[in-house]
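Where a number appears in this text, it was derived from the coordinates with a stated rule and is not lab data. Treat the numbers as computed from the prediction; the structure is a model and nothing was measured. In this analysis, Cβ positions are derived from the backbone assuming ideal geometry, glycine residues included, and neighbour counts consider all displayed protein chains.
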Amino acid sequence: MNGEEMIPVTAAFTRFCEVSQVPPNGKKAAKINGVWVLVCHSKDRYFAVSNICSHQVKPLINGRVRNCAITCPVHGAKFNLETGEALNLPATKPIDTYELRIVDDWIEVKV
Amino acid sequence: MSEQVLDQQIAHGEARCPDEPTTQDIIASDKVGAPDWVRSESYEYLGSEDISTERYYDPEYAKKEYDTLWKRTWQFACREEHIPEPGDYYVYDLGRYSFIITRVSENDIRAYYNACLHRGTKLRASGTEGCTQEFKCSFHGWSWNLDGSLKQSTCEWDFPHVQADKFSLPQTRVETLAGFVFINMDQNAPSLEDYLGPEFMAHINSWGLENRYIQCHVSKLIPANWKLTMEAFMEAYHVIDTHPQVAVSNGDANSQYDVYGDHVNRFISPLGVLSPHLKGQYSEQDILDQFTVGDASVLGDIDRTLAEGESARQRMADTMRAMFEQATNTDLSRVSDSELLDCFSYTLFPNTFVFPGISLPMVYRFRPDPKDHRMTIYEVFFLRPVPKDGERPDPAEPVYLDEVQSFTEAEGMDPGFGAILDQDTENLILQQQGIEASAKPGLTLGNYQEIRVRHFEMTVDKYVSGQSVSGQ
């Protein structure tokens, strides 16, 4: 490695935004190749998940992030940001999660 | 049996643990003196009759409780920290009832019955919390504003009989106290202040519990009636047999018991002193060696060698002040030895315990399982001081345990304290079963050490039978 970080093939990852655009407990949504992706910060970690609630296909961007979970503002479904698991009704299905990495102060996501 | 107990001149309720210092004697010897709320007594003898036991298993009795007691009492629904911003909400359930507690604006918290006024669907699932700008039904999309007014009914043209001004979400009463949000379904209920009474209000107003945050929240199903479950925590009388591992450093038989009006009672159980049951069997050094607290991890590797003439209690008070200041990043220099060490347990009728001490900073909440009145949803919250130079942490997410899981499995729970709660739970399983199997239709209570149980059940009786209660 010679002290240098090995960066994987970048083709699979897409630059999402600069790290500074997702402050602590913040979030940002954008499309990658037509897929709505939501990047959240919680408990000193970044997460990338689908921005679309699995319950009634509403955007999650205005939901509350707390303790590594996001709550849909429309009907209250809650999802684990790490696994995508639906944590309470009315959702019963998970949301997609995506690999995320930080490269040169940029958040990159693999969709 | 002691001569004191046999002395016919002592009226019922006046006997105390013979030849032992009282809780007040112990506290009076502390280096850093205690405030008035600690240094007062308010015991009242309330009779010696048995407590009838059908209340613990009869489904008709449980139904009466829902129709009377639960609909007329102030209940701890959530903490303000659960809903810090406008639009934040928290769903509180009690039996079949469900409420959305929401912050409408900075100083306006409301509680709505959690049901769509169209065809009844819950607007938010039970046990959930979040943030929203409207409460929208997932079935047909009717929605309500944060202030409870009807925002939109889908296909309004089909509902000419629905008048928006009559379709606001029904509300309960809401009051806040010390960071707690209380609700009451009874629109004619006394104020929370009158309900709790002036003595307790003076106590809680000196504690600063609004400056605490939920560091740990565990919810567990207990296979016993909610009242029986609460009563397991109302006395220190059981410590010597149920929790022998802590009896060496707990003044159990000389704990103090007090009642205030109909809705509040308490005990003060001094720690760092030998149980009267073990008198002469252990030295001060033994007491110090075996001393544990609610969160033993805070103590770390401390010096446990006493100097000649030094008491275990004083050493523990001095040590804990330093250790808790460091661990919680708070200033405890003005906090008394008693507040640091001792177990203060208050019951706020009907279903909340508050422990305002530093080493044991819990809140308990007990609710009947809506599917079985012989099961209880028992919650333990640890309320730690907000760091003096940091931001308020988010309240901990609840950890849910089923009835066969140990409290020690819950993340954030101190293993030693979890083991104590497991011992209480194990008793409750047998007690519920035994009461239902018994040929004896009543529980027999000690006049002093079990006064909280009697006081609590007398208030239950008052609500269920429709009698007046204090504060009204």
| For the stretch A:55-95, which residues satisfy the criterion of being within 15 Å of A:LEU38 (Cα to Cα) and hydrophobic (A, V, I, L, M, F, W, C)? | A:VAL57, A:LEU60, A:ILE61, A:VAL65, A:CYS68, A:ALA69, A:ILE70, A:CYS72, A:PHE79, A:LEU81, A:ILE95
| remark: The condition from (1) on the phi < 0 side of the Ramachandran plot; (2) loosely packed, with under 14 Cβ neighbours inside 10 Å that B:CYS155 misses is numbered (1)
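From the list B:TYR237, B:TYR213, pick out the single residue that is in contact (Cβ under 8 Å) with a residue 24 or more places away in the chain, part of a strand (DSSP E or B), of a type outside the set (A, V, I, L, M) and surrounded by fewer than 23 Cβ atoms within 10 Å (Cβ to Cβ).
It is B:TYR213.
Enumerate the strands (runs of 3 or more DSSP E) found wholly within the stretch A:50-111, keeping only those where 1 or more residues are among the polar types (S, T, N, Q) and within 13 Å of chain B (Cβ to nearest Cβ).
Working: elements: A:64-66, A:69-71, A:78-80, A:86-88, A:97-103, A:106-110.
Per the criteria, A:69-71, A:78-80, A:86-88.
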| message | I need the full set of residues from the stretch B:96-131 which are in contact (Cβ under 8 Å) with a residue 24 or more places away in the chain, within 20 Å of A:THR92 (Cβ to Cβ) and of a type in the set (S, T, N, Q), in order please. | response | B:SER98, B:SER126, B:THR128
| message | Considering only residues that are surrounded by fewer than 14 Cβ atoms within 10 Å (Cβ to Cβ) and more than 33 Å from the chain's Cα centre (by Cα), which ones fall in the stretch B:119-138? | response | B:ARG119
| field | Scan of the stretch B:63-93 for residues that are within 14 Å of chain A (Cβ to nearest Cβ) and in a helix (DSSP H, G or I), ordered by number | value | B:GLU81, B:HIS82
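Quick grid of which residues meet (1) assigned to a strand (DSSP E or B); (2) over 21 Å from B:GLY87 (Cβ atoms):
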site	(1), (2)
B:ARG119	no, yes
B:LEU123	no, no
B:ASP147	no, no
B:PRO190	no, yes
B:TRP207	no, yes
B:VAL218	yes, yes
B:ALA224	no, yes
B:LYS227	no, yes
| task | Taking B:ASP369 as meeting all but one of (1) surrounded by fewer than 22 Cβ atoms within 10 Å (Cβ to Cβ); (2) out of contact with any Ser or Thr (no Cβ under 8 Å at 6 or more places or on another chain), write down the number of the exception. | result | (2)
| Of the residues that sit in the stretch A:32-49 and are more than 11 Å from chain B (Cβ to nearest Cβ) and of a type in the set (Gly, Ala, Ser), which one is surrounded by the most Cβ atoms within 10 Å (Cβ to Cβ)? | A:ALA48
| message | I'd like the residue in the stretch B:370-415 that is in a helix (DSSP H, G or I) and farther than 20 Å from B:VAL354 by Cα and, out of all such residues, is nearest to the other protein chains (Cβ to nearest Cβ). | response | B:GLU409
